[in-house]
1. Which entries of A:LYS6/A:LYS161; A:LYS267/A:LYS510; A:LYS453/A:LYS510; A:LYS205/A:LYS267; A:LYS267/A:LYS331 have Cα-Cα distances beyond 30 Å here?
2. How much of B:TRP97 can a 1.4 Å solvent probe reach, expressed as accessible area in Å² and rounded to 10?
3. Can you give me the long-range amide H partners of A:TRP448? Hydrogens built in the peptide plane at 1.01 Å from N, cutoff under 5 Å, separation of 5 or more residues or another chain.
4. Counting only other chains, and only Cβ atoms inside 10 Å, what mean value do you get across the residues of B:67-74?
5. Leaving ligands and nucleic acids out of the surface, order B:ARG103, B:ARG87, A:ARG310 by accessible area at 1.4 Å, largest first.
6. Put a dot 7 Å past each Cα toward the Cβ at A:ALA362 and B:ALA46; how far apart are the dots in nm?
7. How far apart, in nm, are two points set 7 Å out from the Cα along the Cα-to-Cβ line at A:GLU421 and at A:GLU246?
8. I'd like the accessible area for A:ASP201, computed on protein heavy atoms only with a 1.4 Å probe and all protein chains in place. Round to 10 Å², please.
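The values are calculated or read from the model by the stated rules, or taken from the named source; none is laboratory data. What you see is a predicted model; the values in this text were computed from it and never measured. Note that each Cβ is placed from the backbone with ideal geometry, even for glycine, and that neighbours are counted across all protein chains shown. Only protein heavy atoms, including side chains, enter the accessible area calculation; ligands, DNA and RNA are left aside. Shrake-Rupley method; radii C 1.70, N 1.55, O 1.52, S 1.80 Å.
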Amino acid sequence: MTSAEKEAEALDQFIEGALRSRLVAAAEGPPVDAATALVVNTLHAAALATVPDKEFVRELEARLLHRGHDATLIAPRPDRGWRHRLEVASTARGWSGSWWQRAAALTVIVVALGTSLFISLPVRAQLQRAACLIPRLGIRACDAPGLIAPNPVSVSRAGAKLTVAALLSSSGKTIMRLDIMGLAAPVGQLPAGPLRTTLNDTSGKEYPPADGWAKWVKPEDPQSISAVAVFTALDPSVRAVDLHVEEPQPVGSWAVRVPVSPVEATKLPRAYEGPQGATVEGITVRIASIAIDSEGTTVQVSARSAVAGRGIVNLANHQPVLYPLVLRDDKGREYRERARPQEALPRLEGPFTEDISFPPLATDARSVSLVLPFVTVVEETAPAIIRVPIAGKAAGDHIPLQADLRLGAYSFRVAGADLVEQPPGAPASLVRQQRGSWLALQLDYGDWNGGRKLVGPGVVENAHAIQSSLTSRDGVSQFTRVSVPLSEASDGEAVVTFQNARIAIRGPWKLEASVPGGR
Amino acid sequence: MGEREGAPSGQRTIRPTDVRRFQEHTGIKDEQRIIADARTDREAFAPLYRAYVTPVYRYFLRHVGSAQDAEDLTATTFSKALDSLDRYEERGSFAAWLFSIARHTLLDQQRRRRPSIDGAVPIEVLPDPRLAPEAQLVRAERIHALHGLIGQLPSDQREALILRFFAGLRASQIAAVLGRSEGSARMLIHRAIVTLRDRYLHEEQP
């Protein structure tokens, strides 16, 4: 057997272990490198998430095996009226309950509900006078004199590592992104307030904290913590800063020195400010900035909502790889959206802003246009609660259940429930944390109705809840499954609480911006 | 049940390991008895139908991207399989035979009309513990790119990959479906995964 054949056999053993294991992340057989394992596990999980419609399965069996064979049994398929065809997005129809929707695409996004994500109140941003495309931060104000950390900086201690992934000092503030990984124990519930940090320059001057902080713990990696720390702007003459973290265990104390350089010395791509935008349904969207270099075109899109009690959560589509936005230039060329920057920091002040990445613009392009098909918002609502009896049930049981709930002006249906050993797509580490079975609810939010489409609840109040979504051809992802661990149930009943409504609002918003020549 | 390579046509050589693997894979014992009974009583086919309807559906859905088309193709496949039970010979695995029918059904459809692949196929995304919550979305999007890369594989590698993961066939069964040796089937899968891994890593670079 050649070495290639041996590798192929070893990989096949690994695949066999992955396919036969209940936990997607676990695999038997010889180890493979992490990237290969990820590919294998992803493929396996993708297959597991694909299930045929249960009624189709039952009907096909009945027609094939119990009623005599009919060669035309499925075509033409009767339209049962209550079935949702997600691929038909053009006609708004009244919805009704169905326990599995046909998927045009399935995305599992593990939403760490109940984990500690604290965000301070946003502060209105100053108008951008100058903006640059900054690595790991996206398009940001870079008024001179501004300072950035040209590279991430890390320190390690006892198996743990702190990384300052990004630092920018401009427009009166210093923003830092921190990641602390490999802690000796789970972080647990985070106390309120920012990560306890202090920032000094090498002359000893201390910079007080400012608004816009955030911190969070990854649900699948509880022995890590990430944070955005914000301070006042650095003195322009500073060339290094010292960051200290003082947190109780297991985070502990850290000290790291971060070199900084003037923004103008790093030759960052400048961003050109866009014009006024378009307003639909009280939401004004504009191209705030465009930055172009040899690597790509970054279009910063920002939006404000004039409606009280409504927050914008997504400006573009939910699936840029499957349903990319298309940027067009004045010569008719099209540039398809690329996956977004992996480590771009969220913006926690000013209008809601997203950076969208496209290939580099042609040098003779002088203007661009972009159409956003919908914007996703969250509206505040009262809670909606469902109680599911689970006494006497075990993993593998289906609970026939239909319940109509409301989130504000929006109705949705709980169309069934199953007890499962593992929610699809759940990371093994999270499943291991939650012993026992899970209650998986199937939810039906309906289709477009009056230019709005319910995407899901803004919040599921249950700790450790996992939501998974289905994406239809219109690019809207609806959170059609919610799973909660049964360890939280009591008295033979599981209670799931939804609050706030996440809604896609149909536009379109047609945006345009000029692009200077001589790039 | 397996056939020893090189055995003359019509001769049956059943490898005990293959029988055990089939039972472990489907939880069904005595596949041959089920098929024999189903030739006279279709209802007896139910255990095999229930064991394979989901893998067959998954196989089609990954290819055609439309749930309705996948359902139609699944129904056609099982209909053909039931019609052909009398002609099923007890050599090679039932799974390989069934997916051979499925594959031909798919090719027939593709010859009749343009594939309806639109990229909208179910995709599962595993979170990356190195990333922050807001970057999980980005990660999910990047892993969708991995799924899209499957469409760029050479057709034989793509088919082998889909049969392995979505249909759940083993290398020996894939070999029977594709008319190759078991080692060749493993190599196709190996190459496919290495290609996906390398292209995926390339996409991961900032």
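1. A:LYS6/A:LYS161; A:LYS267/A:LYS510
2. We get 60 Å² for B:TRP97.
3. Excluding prolines and chain starts, which carry no amide H, the hits are A:ARG93.
4. 6
5. Largest accessible area first, the residues go B:ARG87, B:ARG103, A:ARG310.
6. The modelled label-to-label distance comes out at 6.4 nm.
7. For the pair A:GLU421/A:GLU246, the computed spacing is 5.0 nm.
8. So the heavy atoms of A:ASP201 present about 10 Å² to solvent.
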